[in-house]
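J.: Please see the structure below; I have some questions.
The values are calculated or read from the model by the stated rules, or taken from the named source; none is laboratory data. In this text, all values refer to a predicted model and were calculated from it rather than measured experimentally. Ideal geometry is used to build each Cβ from the backbone, glycine not excepted, and the neighbour counts take in all protein chains shown.
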Amino acid sequence: MTNPQIAEIAAKAWCRWTHGGGRIERDEHGRLNWRGVKCGRWGDHPVERKDEWQPIGQSLAAYLKEQSDA
């Protein structure tokens, strides 16, 4: 195991232990991502701009279908 790997494991363990919540922000590449309030660590799965609206569109389509079936 290399030093960077050890550092990453330690940082994630510290974040989990002292977790104080987080918020959704844009990272330096403009992607939506979760960021820890206390540690500032970014989540592992950022959402690219091109993919942001897909789940919203799916939810909206499901809602509209539900409303028309009622």
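J.: Kindly establish whether R41 is surrounded by 12 or more Cβ atoms within 10 Å (Cβ to Cβ) and of a type outside the set (D, E).
T.: So R41 fits the description; yes.
Let's see how each residue does on (1) surrounded by 10 or more Cβ atoms within 10 Å (Cβ to Cβ); (2) of a type in the set (A, V, I, L, M, F, W, C); (3) within 11 Å of the chain's Cα centre (by Cα); (4) at negative phi:
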position	(1), (2), (3), (4)
I6	yes, yes, no, yes
I9	yes, yes, no, yes
A13	yes, yes, no, yes
R26	yes, no, yes, yes
W34	yes, yes, yes, yes
K50	no, no, no, yes
P55	yes, no, no, yes
A62	yes, yes, no, yes
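J.: Additional query: So, in segment 20-58, exactly how many residues are among the polar types (S, T, N, Q) and either assigned to a loop (DSSP other than H, G, I, E, B) or modelled with pLDDT of 90 or more (or both)?
T.: Looking only at segment 20-58, we keep the residues that are among the polar types (S, T, N, Q), and these are 33, 54, 58.
Within this subset, residues satisfying the condition of being either assigned to a loop (DSSP other than H, G, I, E, B) or modelled with pLDDT of 90 or more (or both) are 33.
So the answer is 1.
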